[in-house]
Amino acid sequence: MAQVKALIFDVFGTLVDWRTGVAAEAGRMFGAKGLAIDPYDFADQWRAQYQPAMSRVREGGRGYVPLDILHRENLDIVLENNAISARFDETERDLLTHAWEKLPAWPEVPPALAALKERFIIAPCSNGSIALMLRLARFADLPWDAIVGADIA
């Protein structure tokens, strides 16, 4: 029987708390603009756009699109749906899109990964790009040996 040498992990939701991270960034921006919008509800709305956007890719209606671009396009939709699109310029939209690079790891994840890394090669397997996974790893202290991202699939 083959011996396990490497472990790969899903990232968003499994290892990192996307909802809290996105809500924190959105909340900061909303507060600075005096917007009374629940940042957690906004984060949920933004994430809810993911599956419909990916369906178009999976069904062949659209070619491969990096996750960073989908996040930005989905942000534009959610800003419009909340009637606050005009309150955010391109730079602010780009900054808010970078919230997906600043997601906190669940508290037990970094030490658990460090322990697993002593015996196995560890890597994320994500539809996020290698660059996105690298920035997220640096922020959330995820000690990857390698990164398997969508841009090499």
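No value in this document is a laboratory result; all are computed from the given coordinates. Everything quoted here is computed from the prediction, not taken from an experiment. All Cβ positions, even for glycine, are placed from backbone atoms using ideal geometry, and neighbour counts span all protein chains on display.
Here are some notes:
- Restriction of the trypsin sites (Lys or Arg not before Pro) in segment 50-97 to DSSP coil positions whose beta-carbon has at most 13 other beta-carbons within 10 angstrom yields ARG62.
- Where a label projected 7 Å from the Cα of ARG93 along Cα→Cβ would reach, residues of segment 58-85 with amide N under 15 Å: 68-85
- By the count of other C-beta atoms within 10 Å, a proxy for reagent exposure, TYR50, TYR64 are ordered fewest to most as TYR64, TYR50.
- Once the Cβ-Cβ distance of ALA36 and ASP76 is raised to the sixth power relative to R0 = 22 Å, the FRET efficiency obtained is 0.60.
- Excluding same-chain neighbours fewer than eight residues apart, the aspartates and glutamates reachable from LYS5 by a Cα-Cα span under 16 Å are GLU118, ASP145.
- 0 to 90° range, to nearest 10: angle between helix 18-33 axis and the chain longest Cα axis: 30
- Mean Cα-pair separation over length for segment 19-101, i.e. relative contact order, pairs under 8 Å, 6 or more apart, %: 33
- By the count of other C-beta atoms within 10 Å, a proxy for reagent exposure, MET29, MET1 are ordered fewest to most as MET1, MET29.
- Amide H within-cut-off set for SER129, under 5 Å, with H built and near neighbours excluded: LEU67, ASP68, ALA150
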